[in-house]
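The values are calculated or read from the model by the stated rules, or taken from the named source; none is laboratory data. The structure displayed is predicted, hence computed values, not measured ones. In this analysis, Cβ positions are derived from the backbone assuming ideal geometry, glycine residues included, and neighbour counts consider all displayed protein chains. Protein only, heavy atoms only, side chains kept; ligands, DNA and RNA dropped before computing areas. Shrake-Rupley method; radii C 1.70, N 1.55, O 1.52, S 1.80 Å.
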Amino acid sequence: VFHGRILARRLVGRETRYEVQVEARYRQRFPLVSREYLWVPSTCGCPALREGGEYLLMARRHVNHEHTLNRILLQDGGYARPWTPREARLVREAARHC
């Protein structure tokens, strides 16, 4: 779970790749750097993220069996909500208890 600002969007095959500036990390099971690519499959049903928009994102690290693909994936079980200070406070509080 992290707060990110969308810098760019690019369609790649049947996926959308977003370049994201990581603003804050709330709970992570894998390391994040200041800029990441977030991949969203066309089957996700997720709303398109707006360039320049800030979102609270819950994604997972996806590594294929051959270990040739290592990326952050926003899938059906994840979420992307517009970031607000209130949303950030709620996530910080929840992360302390989880």
- First in segment 27-47 and of a type in the set (A, V, I, L, M, F, W, C), second anywhere and open to solvent by 90 Å² or more (accessible area, probe 1.4 Å) and at pLDDT below 80, Cβ under 7 Å, 6 or more apart: 44/76
- Just one of 61, 27, 10 is at pLDDT below 90, among the basic types (Lys, Arg) and over 19 Å from residue 82 (Cα atoms); which is it? 61
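Just give me the residues in segment 47-98 being of a type in the set (D, E, K, R) and closer than 20 Å to residue 36 by Cα, in sequence order. Walk me through it before giving the result.
Of the residues in segment 47-98, the ones of a type in the set (D, E, K, R) are 50-51, 54, 60-61, 66, 71, 76, 81, 86-87, 89, 92-93, 96.
Residues satisfying the conditions are 50, 51, 54, 60, 61, 71, 76, 81.
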